[in-house]
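What follows is a short report on a single structure.
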Amino acid sequence: MKKITKLAAIAALSSQLAAPVWASETEVVYKFYCAQCHGLTGDGDGPNVTEDFPVTPRKFADATEMAKLTDADIRNVIMDGGPAVSKSPMMPPWGKTLTEDEVTGLIGYLRVLCACEGP
Amino acid sequence: MKRKLTLLASAACLMTAATASKADPSAGQATFEAQDCVACHYTEGPARETTIEDQLAKTGPELWYAGDKFVAEWLTAWLADPQPIRPMQFNSLTDENPGDHPALDAGDAADVSEFLMTLTSGVVEEGVVRVKKNAKGRQIFTKKMPCSGCHQYEGRGGDIMGGRTGPSLVDAGARLNPDWILAYLQQPETFKPVKMMPVFVGLLSDKDMANVASYVANFGR
C-alpha cells in the first residue's frame, strides 16, 4: 500500500515537472550532496553516520515526521542549516552551494521519498 | 696545503652526492606519464569541472595545484608507501577505499613528488596561517560548522572520530599546507568548483577560516 502511495506521489510529481530530465538532475544533486548523511534512499544511514555521529539525520522516508514540515521549513533548513529550525548544526547550510532551482528540486524529491505532503 | 686539498675533495664528494640524490622534476613528470597517473589525476589547471557529472567522472583527485596543497616530505613518503587517505573510494558512498593506489620505488617517488610540487595555482598566499592548538578553530570544526561530519580526525582520547565521505584529516598537519587549507576554504571555485563539501564563503569570515586552517594543520603534529 505504501509502495502504491509512493508511486502515486512520483506520478504526481512527474506531472508537475516541466521536464522529466529535471527530476533526474535533482536525483543526482540529492545523491551527491545529501546522501552523504541522509543515505541514498533517505533512510538517514549515509556513510558519515558513524557511531560517534552526534545526531540522527532526518529519515526522509519517515512520512509522519516529514509531513510535519512545510516546504518552507525544508527550504530553510537546506539553505541555512539545522540551527535555522532549532536543529543540529551537523546539518550545514547549503545556501552558498546550491542554486534556488536545485533546492526547489530537492524539496520535491524529498516529498517523493516520504510520499507525503507538508501541513 | 694537504688539509686544504682534503677539504676541497670532501666538498666535491658532498656536491656529487647531493647531485646524485637530488630529485628531478623532469624525470618525475616522465614517470608520472609513463605510469599512466594521468588516467586518474589531471595536472594542468584551471579546474575543469563544471557539473556534478564532471566531478563524478573523475577517478582520482586533481593534482594541478599539488604544490600548493601538499607538504613535499609527506608526498614523497606517501608515493613510496601509499596508505588510504579517504575512508571511502573516491566519489563513492557505498564502497570502501580499497587502498590499492600504486606505489613507486623511493627514487621515482622523490622525482614524482618534485614534479608535483612544481604544480601551483598562483593564488595561495604563503605564511598567512599560524599553526597552533586553535580553540576557535576547534569550536568551528566540531560544533559551529562541523567539518567533523564528513572528515575523520583524532579525538581527545586518541580515538578516530568523524564522518567518512571526505578525506581523513587525521594527519593533516603532516600532509597539508596550512595556507592552502585557508585558500581552499576562501576560493573553492578555484580549486574544486564542484564538490560534496559545502561552500563556506559568506558563512565563515576570513578570520574564522584561518582559525579552522590553523586547527586542522595542527593535527598529527
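The values are calculated or read from the model by the stated rules, or taken from the named source; none is laboratory data. Computed from a predicted model, the values in this text were never measured in an experiment. Positions of Cβ are generated from backbone atoms using ideal geometry, with glycine treated the same way; all protein chains shown enter the neighbour counts.
Overview of results
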| quantity | calculated |
| --- | --- |
| Residue list for segment A:39-56, restricted to those being more than 9 Å from chain B (Cβ to nearest Cβ) and more than 11 Å from the chain's Cα centre (by Cα) | A:45, A:51, A:55, A:56 |
| Counted residues, segment B:143-179 - those being under 15 Å from residue B:221 (Cβ atoms) and in contact with a helix residue (DSSP H, G or I) (Cβ under 9 Å, 6 or more places away or on another chain) | 10 |
| Selected residue (criterion: surrounded by the most Cβ atoms within 10 Å (Cβ to Cβ)) from residues of segment B:158-174 that are within 11 Å of chain A (Cβ to nearest Cβ) and farther than 24 Å from residue A:82 by Cα | B:160 |
| All helices (runs of 4 or more DSSP H) inside segment A:26-119 with 2 or more residues being surrounded by fewer than 21 Cβ atoms within 10 Å (Cβ to Cβ) | A:63-66, A:71-80, A:100-114 |
| Lone qualifier among A:79, A:66 - being more than 14 Å from chain B (Cβ to nearest Cβ), in contact with a helix residue (DSSP H, G or I) (Cβ under 9 Å, 6 or more places away or on another chain), at pLDDT 95 or above and at negative phi | A:66 |
| Matching residues in segment B:167-212 - criterion: being under 16 Å from the mean Cα position of the chain (by Cα) and either acidic (Asp, Glu) or assigned by TED's automatic domain parsing to the domain that holds residue B:60 (or both) | B:171, B:179 |
| Checklist (1) assigned to a loop (DSSP other than H, G, I, E, B); (2) more than 14 Å from chain A (Cβ to nearest Cβ) applied to residue B:78, failing item | (1) |
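Each row is one residue, and each column tells you yes or no for (1) touching a Phe, Trp or Tyr at 6+ places or on another chain (Cβ under 9 Å); (2) exposed (fewer than 14 other Cβ atoms within 10 Å of the Cβ).
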| site | (1), (2) |
| --- | --- |
| B:52 | yes, no |
| B:59 | yes, yes |
| B:62 | yes, no |
| B:76 | no, no |
| B:86 | no, no |
| B:97 | yes, no |
| B:111 | yes, no |
| B:114 | no, no |
